[in-house]
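Below: one structure, written as structure tokens.
Quick note: the coordinates plus some simple rules give every number you see, no bench work behind them. Because the structure is predicted, anything quoted here is derived from the model rather than measured. Counting neighbours? That spans all protein chains shown, and the Cβs are built from the backbone with ideal geometry, glycine included.
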Amino acid sequence: MNVVVTLYHAQGCHLCERARAQVTALREELGFELVEVDIGGDPELEARYREWLPVVEIDGVRAFAYYVQPDAFRRKLAVQSRSAADGS
């Protein structure tokens, strides 16, 4: 089972651009599925994520807001990958 990483972002968000670059580089290294969600124009997503952007979730669990720390990302992804492999 492949781990899914979701990046919630918005237009004009400089932190979002930085997070996208980091997550994209990590995807090349670690091989996870990346889904990008632009929250612009969706009132529900705007209410849920706007003040926290960018938000990175790993398999639906919020892992990072504002900044992505690459070493912490690798650790969280490894834990989630083991959980997915174990079927939990």
Fill in: Tilt relative to the chain, helix 70-86 - C-alpha long axis, 0 to 90 degrees, to 10
60
Worksheet item: If we count every other residue with Cβ under 12 angstrom of TRP52's Cβ, Lys/Arg +1 and Asp/Glu -1, where does the sum land?
Response: 0
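Within the set of other residues whose C-beta is less than 15 Å from the C-beta of ALA72, count the net charge using Lys and Arg as +1 and Asp and Glu as -1. Don't jump to the answer; show the numbers that get you there.
Numbers: positive: ARG62, ARG74, ARG75, LYS76; negative: GLU29, GLU57, ASP71.
The answer is +1.
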Response to the item:
Within segment 1-81, DSSP-loop chymotrypsin sites (Phe, Trp or Tyr not before Pro) with at most 14 other C-beta atoms within 10 Å are TYR66, TYR67
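Could you compute the net charge surrounding THR24? Neighbours are other residues with a C-beta less than 13 Å from the C-beta of THR24; K and R count +1, D and E count -1.
-2
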Worksheet item: For Kirkwood radius over Cα pairs in Å, the listed values are [x] 13.9; [y] 13.2; [z] 19.9; which was obtained by calculation from the structure presented?
Response: [y]
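Share of antiparallel DSSP beta bridges in the chain, in percent to the nearest 5? Provide the component values of the computation, followed by the final result.
Numbers: 8 of 14 bridges.
Just about 55 percent of them are antiparallel.
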Fill in: Rel. contact order, % - alpha carbon contacts under 8 angstrom, at least six apart, the chain
38
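Could you calculate the contour length gain from GLU29 to ALA85, that is, 0.36 nm times the residue separation minus the distance between their Cα atoms, to one decimal place in nm? Please list the in-between numbers first.
On the way: separation 56, 0.36 × 56 = 20.16 nm, distance 1.91 nm.
Full extension from GLU29 to ALA85 adds 18.2 nm.
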Fill in: In Hz, Karplus ³J(HN,Hα) per residue of segment 35-52 (6.51, -1.76, 1.60; θ = phi - 60°; x = Gly, Pro)
10, 10, 10, 8, 7, x, x, 10, x, 5, 5, 4, 5, 7, 10, 3, 6, 10
Discussion item. Defining a contact as two alpha carbons under 8 Å apart and six or more residues distant in sequence, what relative contact order in percent does segment 1-48 show?
Written reply: 51
